[in-house]
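A.B. asks: Here's a structure for you.
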Amino acid sequence: MRYLPKKWWHDAIIYQVYLRSFQDSNHDGIGDIQGIIQRVEYLKSLGINTIWISPHYDSPMDDNGYDVKDFFTVSPDYGTLEDFKQLIHVAHKNQMYVITDLVLNHTSDEHPWFQAAKDPNHPEHAYYKDFYIWHDPKQDKNGENTLPTQWVSWFGGPVWEYVEALNQYYLHIFSKKMPDLNWRNKNMKKALKAAIQFWIDLGVDGFRIDASNHLEKNWDFPEGKPGYEHFSSLPKHHEYLQELGRELFKPNDLLILGESGGAKRQEALQYAGKDSHEFNLLIHFEHCWADGDDTNKKTPGKWAKGTIDLAHIKQSFAYWIDIFKEEGFHTLFWHNHDQPRIVSHYGDDAKYHQRSAKMLAMSLYLLPGIPIVYYGEEIGMTNVDYEQLSDFRDVEVFTEYDNFINNGANHGEAMQALKDRARDNARTPMQWHDGPFAGFSKVTPWINVNGNKTTINVQQQQTDEHSILSLYKTLLKLRKEEDLAYGAVDFYNIEDQNTFNTLVSGKHHDYLMLCNFKDTPIKQPMDTLLDGAFTLYLHNMPTTPQGSSFEPYEARIYRKKSEK
Ligand code: GLC
Ligand code: CA
């Protein structure tokens, strides 16, 4: 990696802001761009230098902005174009970069393109129809019209929605309010490129490419259920990404974070290797659902919670760090807005809340690569405390709840799956202080604040040098000082299901990180590990730990005595 010509983003420490939930500046219950501007000082003090904001475009908000209605305007929920320009200005003045989400796979069904496409009487119908993907009905054996295929949407339910005026179905691999775009249509591509250029001209420093591996579909529409192989990760999507890379991303020296699950080494390098023209960083999810339960048929797939396969998590990090060792940079993160809160997911958000949140940070943030901290993670925000289905907001929740009940789950089981795994867990308002609405807003927010704002909030942690927040600051500072983006790592006992033990090498020192990932005490082979060469540097216990016995979720970082 050191051989690559230096780019600004090689020093990036990214913070993901879920715009709707970060800070509401005008007190309408919705987070907004001015809210981010108000918190730039906070972000600076945390030690991050790049802000990634979730979609800010005009949208009916079926999927919180991933359903774009107008690529050229800011949603009135979030502010104005002037606010956006101001954000870029303020960020740049503070030596920070701004990258925005870019949704290329679909639009909202309320987008004017789709409005024209679905209406045979619209004057521009003929031009826009082919911006989307249509299919005639099939006939079943009784001659009745049926769905073109049995493909299943990523949000549950069929991918096809019928439009009577056309007697055709359109394809939507997410919600039915998000019709998929047809990337084989040149005019469609041209229109999207103009939108991308618009934000580049406004000064954004990069993009996070949403759902990037879904751009191409199998146009033979073969049967399959769920049929993912027919609408995800088809080779041709790379061509589309390369085209954007060549024409827009590279010439403007942008940081491109690409979202794509399921890639392996060769494809990963195609996306983000040193010779790639697609992305700079790849966001994959291999370590994100390492606690599934295949035997659960009532709330299956990602919704089924089992025991954590820690070996898998470590192997995944080792594998991905190795892929990009000579070829670029690994993307380091625990989760984003699509997975549960990490302290509730892989830690313990009750008895060992603070300790396990710190352990998770200590195990991750000294590893090589470019880190992404998810808003609220730095204070240990947890999954929701909701008791009613109506407390949830995510479009995915409601289809899936019905699926669970149809699979034989009772209400309690279905609710538990949501409380463990739903995306809303990671979308509650930022907990700034313990007052009304956690300081996020002065009015009832669009989604309820977690009741634990009284004990988990920024204000309290800012004045406590032993807080989770203080630890994040320490780790991110150390990352910078030791140039750990470029570091190297060895995993000890990678097969072991209890410990997360690594040796990382920084610019000045080597660090040994020893973590107990379990809620029970364990013993560590300290003599072998330390070999007299290391001293204790950082830990997550109330008093200085000693010896080889590690309490539940205990983590220690040792530093090599000799400087390089
Ligand atoms: C990505 C986003 C997710 C969104 C989906 C559809 O996976 O991260 O939040 O629902 O794409 O745009
Ligand atoms: Ca607002």
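The values are calculated or read from the model by the stated rules, or taken from the named source; none is laboratory data. None of these values were measured; they are calculated from a predicted model. Quick reminder, even Gly has a Cβ in these numbers, built from the backbone with ideal geometry, and neighbours come from all protein chains shown.
A.B. asks: Please determine, by comparing only the residues of region 39-71 that are closer than 19 Å to A426 by Cβ and within 16 Å of ligand 2 (Cβ to nearest atom), which one is farthest from the chain's Cα centre (by Cα).
C.D. replies: The extreme case among them is R39.
A.B. asks: So which helices (runs of 4 or more DSSP H) are wholly in region 397-510 and hold at least 1 residues that are among the aliphatic types (A, V, I, L, M) and touching a Pro at 6+ places or on another chain (Cβ under 8 Å)? Spell out the reasoning first.
C.D. replies: Details: elements: 411-421, 458-462, 468-481.
Filter on region 397-510 gives 468-481.
A.B. asks: Among the residues of region 383-396, write down those that are closer than 14 Å to H337 by Cβ and in a helix (DSSP H, G or I).
C.D. replies: V395, E396
A.B. asks: Pick from region 192-215 the residues that are in a loop (DSSP other than H, G, I, E, B) and buried (at least 20 other Cβ atoms within 10 Å of the Cβ): which of them is nearest to ligand 1 (Cβ to nearest atom)? Please lay out each step first, then the result.
C.D. replies: Going residue by residue through region 192-215, those that are in a loop (DSSP other than H, G, I, E, B) are 202-205, 211, 215.
Those still in the list that are buried (at least 20 other Cβ atoms within 10 Å of the Cβ) too: 204-205, 211, 215.
Values: V204: 18, D205: 20, A211: 4, L215: 12 Å.
Checked region 192-215; the qualifying residue nearest to ligand 1 (Cβ to nearest atom) is A211.
A.B. asks: Take the conditions within 16 Å of ligand 2 (Cβ to nearest atom), in the same structural domain as T399 (by TED's automatic domain parsing), more than 22 Å from the chain's Cα centre (by Cα) and modelled with pLDDT of 95 or more and apply them to Q95. Does it pass? I'd like the intermediate steps shown before the answer.
C.D. replies: On the way: within 16 Å of ligand 2 (Cβ to nearest atom): no; in the same structural domain as T399 (by TED's automatic domain parsing): yes; more than 22 Å from the chain's Cα centre (by Cα): yes; modelled with pLDDT of 95 or more: yes.
In short, no.
A.B. asks: Continuing with the same structure: Could you list all residues from region 250-276 that are in contact with a Gly (Cβ under 8 Å, 6 or more places away or on another chain) and closer than 20 Å to K193 by Cα?
C.D. replies: Residues satisfying the conditions are L254, L255, I256, L257, Y271, S276.
A.B. asks: Residue check, I53 against (1) of a type in the set (A, V, I, L, M, F, W, C); (2) within 16 Å of ligand 1 (Cβ to nearest atom); (3) farther than 20 Å from I379 by Cα, all met but one. Which one?
C.D. replies: Condition not satisfied by I53: (3).
A.B. asks: Have a look at D58, D62, D67, D28 and point out the one that is touching a residue at least 40 places away in the same chain (Cβ under 8 Å), within 16 Å of ligand 1 (Cβ to nearest atom), of a type outside the set (V, I, T) and surrounded by fewer than 22 Cβ atoms within 10 Å (Cβ to Cβ).
C.D. replies: On the way: D58 fails: touching a residue at least 40 places away in the same chain (Cβ under 8 Å); D67 fails: surrounded by fewer than 22 Cβ atoms within 10 Å (Cβ to Cβ); D28 fails: within 16 Å of ligand 1 (Cβ to nearest atom).
Only one candidate passes the filter, namely D62.
A.B. asks: Out of (1) over 17 Å from I370 (Cα atoms); (2) touching a His at 6+ places or on another chain (Cβ under 8 Å), the odd one out for A91 is which?
C.D. replies: Of everything listed in (1) over 17 Å from I370 (Cα atoms); (2) touching a His at 6+ places or on another chain (Cβ under 8 Å), A91 misses just condition (2).
Residue-by-condition table, conditions (1) in contact (Cβ under 8 Å) with a residue 40 or more places away in the chain; (2) closer than 30 Å to R421 by Cα:
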position	(1), (2)
A126	no, no
I133	yes, no
D136	no, no
T149	yes, yes
N185	yes, no
K189	yes, no
L192	yes, no
Q197	yes, no
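A.B. asks: Going through S316, S356 one at a time, which residue ends up being buried (at least 22 other Cβ atoms within 10 Å of the Cβ) and touching an Asp or Glu at 6+ places or on another chain (Cβ under 7 Å)? Please lay out each step first, then the result.
C.D. replies: Details: S316 fails: buried (at least 22 other Cβ atoms within 10 Å of the Cβ).
Only one candidate qualifies: S356.
A quick yes/no check of all residues on (1) touching a strand residue (DSSP E or B) at 6+ places or on another chain (Cβ under 6 Å); (2) assigned to a loop (DSSP other than H, G, I, E, B); (3) within 15 Å of ligand 1 (Cβ to nearest atom):
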position: P148; (1), (2), (3): yes, yes, no
position: Y162; (1), (2), (3): yes, no, no
position: M178; (1), (2), (3): yes, yes, yes
position: W219; (1), (2), (3): no, yes, no
position: E223; (1), (2), (3): no, yes, no
position: S233; (1), (2), (3): no, yes, yes
position: E247; (1), (2), (3): no, no, no
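A.B. asks: Next up: Please go through region 388-441 and give me each residue that is of a type in the set (D, E) and under 20 Å from V152 (Cα atoms), ordered by number.
C.D. replies: Taking region 388-441 as the starting set, the residues that turn out to be of a type in the set (D, E) are 391, 394, 396, 400, 402, 413, 420, 424, 434.
Those that are of a type in the set (D, E) and under 20 Å from V152 (Cα atoms): D394, E396, E400, D402.
A.B. asks: Can you tell me how many residues in region 138-160 are within 22 Å of Q115 (Cβ to Cβ) and either within 16 Å of ligand 2 (Cβ to nearest atom) or more than 28 Å from the chain's Cα centre (by Cα) (or both)?
C.D. replies: Number satisfying all stated conditions: 0.
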